[in-house]
Amino acid sequence: MDQDLSRTSLSRDAILLTGQVALVTGGGGGIGRGIALGLAEFGADVAIVDIDGEAAERVAALVREKGRQALVIVADVMDRDAARGAVATALEGLGAVDILVNNAGGTRPIKLVDMTDRQIDRQIDLNLKGLVAITQAAAKAMIARGAGGSIINIASIEGLRAAPTYSVYAACKAGMLNFTRTLALELGEHAIRVNAIAPDLVPTETMARFAPGIVSPEGRAAQARYIPLGRAGNLDDCAGAAVFLASAMAGYVTGVTLSVDGGTWASSGWTRNDADGWRLFN
Ligand SMILES: NC(=O)c1ccc[n+]([C@@H]2O[C@H](COP(=O)([O-])OP(=O)(O)OC[C@H]3O[C@@H](n4cnc5c(N)ncnc54)[C@H](O)[C@@H]3O)[C@@H](O)[C@H]2O)c1
């Protein structure tokens, strides 16, 4: 037998990202900011790609406080040339892209029948087309370097379930999940792993501005009822999942969607009320 089947060698260092370079789109705010800081905490240097240069600079300063290198790249992922240029700038400035986090995205609730063509195109450009060019450029760079890599797509629970008032966004996120699975097959031979994270509600500063009810006591009470773990997600919940998927701890994980949702996807129609506990169609 040429294989030692009793061999084990897992070390706690496997979670570290020391010497690796991450590129995080939308890293200037919200979930992307949390992921950029989480990756830096575990040792990665980080290129922060965002349309908001000032926000990205603030995150870069925090990355540097952790003793890691940070590079701010002001670019709109919806612009193919700018997205490809962002990868080139990261390669030039930090020497590699080992980890790509496609996080820039988002939406506001609106029924399809009320959407203008411009709104529909923007949703698709931001949430689906926006990740294709940058992923292509990063994958080419990873292949050329020959050291493998990890691509992490920030999808949503809305890519897994029906999502009234989010139809175009939900379609894009579902597309992102199959893009993830398909690329896992195309890139596996290069040791490039491709995975997705599907958060449910993660209140961010942007969200608190546009939908303050989400962070109100009433909002939190409702979240405690319908989310099995009894609370909304936070930036560290998403960052922890990203660090895991980026690291050697997930060295045999590719093509998966990791739900970071407190159990909402699993609950699928079950809700909790104070009187009777869990019920279907409460
Ligand atoms: N927050 C949630 O509850 C939640 C839930 C599920 C999925 N998600 C997904 O997580 C990702 C991040 O969402 P968030 O809530 O943290 O968003 P956010 O609005 O709080 O932050 C988004 C960041 O991306 C930047 N950005 C926006 N458009 C960009 C573009 N075209 N190019 C480059 N940068 C751009 C913004 O400047 C900002 O810094 C999105 O893909 C979203 O669909 C969020």
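The values are calculated or read from the model by the stated rules, or taken from the named source; none is laboratory data. The shown structure was predicted, so the numbers you read here are calculated from the model rather than taken from an experiment. Positions of Cβ are backbone-derived with ideal geometry, glycine not excepted, and every protein chain shown enters the neighbour counts.
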query: Which of (1) among the hydrophobic types (A, V, I, L, M, F, W, C); (2) free of Cβ contacts under 8 Å to residues at least 12 places away in the same chain; (3) part of a strand (DSSP E or B) is the odd one out, the single condition LEU258 does not satisfy?
result: (2)
task: Answer with yes or no whether ILE110 is surrounded by fewer than 21 Cβ atoms within 10 Å (Cβ to Cβ) and either under 27 Å from GLY262 (Cα atoms) or small (Gly, Ala, Ser) (or both).
output: yes
- request: Please give the number of the condition GLY130 fails out of (1) modelled with pLDDT of 95 or more; (2) of a type in the set (Gly, Ala, Ser); (3) surrounded by 15 or more Cβ atoms within 10 Å (Cβ to Cβ).
  value: (1)
query: Is it true that ALA139 is surrounded by 15 or more Cβ atoms within 10 Å (Cβ to Cβ), modelled with pLDDT of 95 or more and within 16 Å of the ligand (Cβ to nearest atom)?
result: no
message: Can you pull out every residue in region 142-180 that is among the small types (Gly, Ala, Ser), within 11 Å of the ligand (Cβ to nearest atom) and in contact with a Lys or Arg (Cβ under 6 Å, 6 or more places away or on another chain)?
response: ALA155, SER156, GLY159
query: Looking at region 230-279, which of the residues that are over 25 Å from ARG181 (Cβ atoms) and of a type in the set (A, V, I, L, M, F, W, C) is farthest from the ligand (Cβ to nearest atom)?
result: ALA275
- line: Picking from ALA40, ALA88, the residue that is under 19 Å from ARG145 (Cβ atoms), among the hydrophobic types (A, V, I, L, M, F, W, C), in contact with a helix residue (DSSP H, G or I) (Cβ under 8 Å, 6 or more places away or on another chain) and more than 12 Å from the ligand (Cβ to nearest atom) would be ALA88
message: Against the definition (farther than 20 Å from ALA137 by Cβ and within 16 Å of the ligand (Cβ to nearest atom)), how does GLY67 come out, yes or no?
response: no
task: Please specify each residue of region 71-117 satisfying the condition of being farther than 18 Å from ILE31 by Cβ and in contact (Cβ under 8 Å) with a residue 60 or more places away in the chain.
output: ALA86, VAL87, ALA90, LEU94, GLY95, ALA96, VAL97, ASP98
message: Considering only residues that are among the hydroxyl-bearing types (Ser, Thr, Tyr) and surrounded by 12 or more Cβ atoms within 10 Å (Cβ to Cβ), which ones fall in region 252-282?
response: THR254, THR257, SER259, THR264, SER267, THR271
- request: Please list, ordered by first then second residue, the pairs with beta carbon atoms under 6 Å, 6 or more apart or interchain, first in region 5-33 and modelled with pLDDT of 95 or more and away from the ligand (no atom under 16 Å from the Cβ), second outside any loop (DSSP other than H, G, I, E, B) and of a type in the set (D, E, K, R).
  value: VAL21/ASP45
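Let's see how each residue does on (1) closer than 24 Å to GLN20 by Cβ; (2) hydrophobic (A, V, I, L, M, F, W, C); (3) loosely packed, with under 15 Cβ neighbours inside 10 Å:
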{"position": "VAL46", "(1), (2), (3)": "yes, yes, no"}
{"position": "GLU57", "(1), (2), (3)": "yes, no, no"}
{"position": "ALA61", "(1), (2), (3)": "yes, yes, yes"}
{"position": "VAL87", "(1), (2), (3)": "yes, yes, no"}
{"position": "GLU92", "(1), (2), (3)": "yes, no, yes"}
{"position": "GLY95", "(1), (2), (3)": "yes, no, yes"}
{"position": "GLY105", "(1), (2), (3)": "yes, no, no"}
{"position": "ARG118", "(1), (2), (3)": "no, no, yes"}
statement: The residue that is farthest from LYS129 (Cα to Cα), considering only those in region 174-217 that are of a type in the set (S, T, N, Q) and at pLDDT 95 or above, is SER216
